[in-house]
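Worksheet for the structure shown next.
Please treat every number below as a calculation from the coordinates, not as lab data. Quick caveat: nothing in here was measured; it's all calculated off a predicted structure. Quick reminder, even Gly has a Cβ in these numbers, built from the backbone with ideal geometry, and neighbours come from all protein chains shown.
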Amino acid sequence: MEKHVLGLELPTDPRWVNIAEKKIEDILVDHAYCEQKAASSCISLIVKYPDKEKVVEMLTPVVAEEWGHFERVLDQLNKRGYKLGKQRKDEYVAALAKIEQKGGSREQQLVEKLLLNALIEARSCERFRLLWKHIEDAELQKFYYELMVSEASHYKNFLSLAKEYMPEEHVTKRWKEILRAEAEILENIEVRGDRMH
């Protein structure tokens, strides 16, 4: 589960997990919204591309899985006496949205969305791994290990789905461009331990 296995160009700044451990309520709240957004993103792809059988077939179980994760994060919040609270602006996802290429064919637009979903899944998985490895709360260690294992295949599923709708060369080239752009975003974004990304 190292960064190169996930394809990421830049590992998370080690300071992130140290700050995150001190702000675990904020991390759990933000994480809950991340799971909610992951489910919503898959639903919107199914709604927008109902004619793409593989999209419907592959993403339908992911919706259920991500929503199940949302419920599990809520459970961790409740156990600790925390509330879900308000969603905060996600600078990382806002920056990623700017690298999405607009226009092109319907298939190109679909592939852009699939690749961005793949990237968010890969980065989330990397951060779950850091939390599992470094935080002291034994219950949360186990929780993040389980989520890391569960999420590990998602990014690969999004990548393989993208290759169903555009030639592999296009997908591979675009994926590398997106990975480079994401590394630049991380280099220029403040290291915050109160956000999952």
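Points worth noting:
- Partner lysines whose Cα lies under 25 Å from the Cα of Lys98, excluding those fewer than 8 positions away in the same chain, are identified as Lys3, Lys37, Lys48, Lys86, Lys89, Lys113, Lys156, Lys163, Lys173, Lys176.
- Degrees between helix 154-165 axis and first principal axis of the chain (Cα, 0 to 90, nearest 10): 10 degrees
- Largest mean-square fluctuation among Ala38, Ala162, Ala138, in a Gaussian network model of the chain whose springs join Cα atoms under 10 Å apart, belongs to Ala138.
- Sorting the segments 78-90, 179-191, 17-29 by their mean number of nearby beta carbons within 10 angstrom, highest to lowest, gives 17-29, 179-191, 78-90.
- Length available on full extension from Val149 to Thr172: 0.36 nm per residue minus the Cα-Cα distance, which gives 5.9 nm.
- With Cα atoms, 0 to 90° folded angle of helix 24-48 axis to the chain main axis: 20 degrees
- The angle between the Cα long axis of helix 53-79 and the longest principal axis of the Cα atoms of the chain comes to about 10 degrees, rounded to the nearest 10.
- Among Arg123, Arg15, Arg174, residue whose mean-square fluctuation peaks in a GNM of the chain (springs only between Cα atoms under 10 Å): Arg15
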